[in-house]
Ligand SMILES: NC(=O)c1ccc[n+]([C@@H]2O[C@H](COP(=O)([O-])OP(=O)(O)OC[C@H]3O[C@@H](n4cnc5c(N)ncnc54)[C@H](O)[C@@H]3O)[C@@H](O)[C@H]2O)c1
């Protein structure tokens, strides 16, 4: 049975804490696509299709024709940053997109300037910014964010909003007592508890207002019981953490293949050079630790060494990120994978990925914004596991292991859409074709 899902009518506000390389590449891309000067390559919501029914039915509509998603023309962008530059200036500085392309969307991008941020250098050691809010405690700062959001909604006549964290990676933190319940968290906010980081304050502000929230960075942000509780209370969908791009994307494409063919893996060494501001932030050991945990978690849950000890229990997995300014946003990564096959004979695979970080991340921001808005209209709330497809460290229920296999994630995503629209789920059994 298809459930009634409110149509995507009216404007959708996309709130972006952190207007750096990823966010400005996303905004510029959306504006360029609106003008018809670029194609939405890499975006499932814009170019993906979904098979419905039997293979013989030949029904494969585009996803955005199958479910009601906001149109690019209906999207309005806003955000916060600790630097006051407008998004055109920030995009020029990030150096991801060619000046000739940016020139064509310059007027619209110049009109988007960041609101002052909630920021504290204790949580991102390598950045110093002056464009920040002042408040007596975290709760007051959250209230100021909520005011920004309400003004944005009013000024642009927005029907709905979503928030996607595109800010820097904060230092490594684990959930503590302040994160275990909403009342403890709100008390800690009023007491300016140091176990609360700025990204949590943005997440709180969004979820409190019932605005879907996704975290594109690996820091905790909304991944703890207090904010999941708030999301349930305010009927708000949640997603995170850490956009799955570059090296980790390759890992979650390859590792399921090795496991499918029961090839053993004894070592996987990954190193990167990266020269953008993200690389500079990650040069700080505490921010790197947050990223490292996120990148390391992937292989264990794909390989399931407890089920295949002879193949994966001895795996040595190492991840390095090296800040190297000359490369800017054009990251280069090298992977050396030591595998073994029949009779234990060793082989090795080398990957050299010359990637563009923000080019891979921007379509993820777009898809997340549109799917989170869809989830809200479909009355889904709390953790949206079906959006794991987009994340390196998918948020999941406490008693579950996360699903990292990209192909299972895609199946889960599409089956969720089929389920919501009352279509038959696709199991790939296919026996009926041979009756
Ligand atoms: N492929 C990718 O690019 C990719 C993949 C996964 C995750 N990420 C994560 O996405 C985030 C953005 O990446 P980026 O390349 O755009 O980095 P960036 O450094 O270019 O942009 C981040 C921006 O956030 C701002 N910022 C930091 N703290 C803030 C705060 N409290 N409030 C508001 N603004 C704040 C910074 O000033 C900066 O402009 C990073 O955390 C990165 O680790 C990126």
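Please treat every number below as a calculation from the coordinates, not as lab data. Predicted model, so just to flag it, every value in this text is computed and none were measured. Note: ideal-geometry Cβ built from the backbone for every residue, glycine included; neighbour counts use all protein chains shown.
Computed from the C-beta positions of residue 410 and residue 334, the FRET efficiency with R₀ = 41 Å rounds to 0.95. Principal axis analysis of the Cα atoms in the stretch 289-435 yields extents of 46, 46, 33 Å, listed in decreasing size. Seen from a random direction on average, the alpha-carbon convex hull of the stretch 208-250 projects onto 3.2 square nanometres. So if I average 1/r over every pair of distinct C-alpha atoms in the chain and take the inverse, what Kirkwood radius in Å does that give? Evaluated over the chain, this radius sits at 22.5 Å. Placing a pseudo-label 7 Å from each Cα along the Cα-to-Cβ vector at residue 56 and residue 34 gives an inter-label distance of 4.7 nm. Length available on full extension from residue 300 to residue 431: 0.36 nm per residue minus the Cα-Cα distance, which gives 43.8 nm. The shape of the stretch 356-397 comes out oblate: with a ≥ b ≥ c from the C-alpha gyration tensor, a/c is at least 1.5 while a/b does not beat b/c. Please label the shape of the stretch 1-116 as rounded, prolate or oblate, based on the square roots a ≥ b ≥ c of the eigenvalues of the alpha-carbon gyration tensor (a/c under 1.5 means rounded; beyond that, a/b larger than b/c means prolate, else oblate). Prolate, because a/c is 1.5 or more and a/b exceeds b/c. Considering the zone a paramagnetic label at residue 6 would reach in this model (a point 7 Å from Cα along the Cα-to-Cβ line), which residues of the stretch 208-227 have amide N under 17 Å from it? Counting only backbone N, you get 208-213. For the stretch 226-309, what class follows from the C-alpha gyration tensor (a ≥ b ≥ c being the square roots of its eigenvalues): rounded when a/c is under 1.5, otherwise prolate if a/b is larger than b/c, else oblate? Oblate.
Computed from the C-beta positions of residue 120 and residue 271 and an R0 of 45 Å, the FRET efficiency is 0.90 to the nearest 0.05. Each listed q (0.12, 0.20 Å⁻¹) maps to a log10 I(q)/I(0) for the stretch 247-354 from the Debye sum over equal C-alpha point scatterers, namely -0.44, -1.01. Subtracting the Cα-Cα distance of residue 354 and residue 235 from their residue separation scaled by 0.36 nm leaves 38.7 nm. In whole angstrom, note down how far apart the Cα centers of the stretch 167-218 and the stretch 301-350 are. The distance from the Cα centre of the stretch 167-218 to that of the stretch 301-350 comes to 33 Å.
Only Cα pairs under 8 Å and 6+ residues apart enter the sum, and on that basis the relative contact order of the chain stands at 20 percent. Packing here is the average count of other Cβ atoms within 10 Å per residue, and on that basis the peptides 73-83, 142-152, 189-199, 46-56, highest first, run 73-83, 189-199, 142-152, 46-56. Note on the chain: antiparallel DSSP beta bridges, both residues inside, total approximately 40 percent of the bridges counted. Per-residue ellipticity at 222 nm from helix content only, as computed over the chain with -39500 (n - 2.57) for each DSSP H run of at least four residues, stands at -11500 deg cm²/dmol. The packing ranking, built from the mean of other Cβ atoms within 10 Å per residue, places the peptides 293-304, 373-384, 208-219 in the order 208-219, 373-384, 293-304, highest first.
If R0 is taken as 41 Å, the Cβ-Cβ distance between residue 315 and residue 195 corresponds to a FRET efficiency of 0.80. For the stretch 299-368, the Cα gyration tensor yields ellipsoid semi-axes of 31, 17, 11 Å (square root of five times each eigenvalue, largest first, whole Å).
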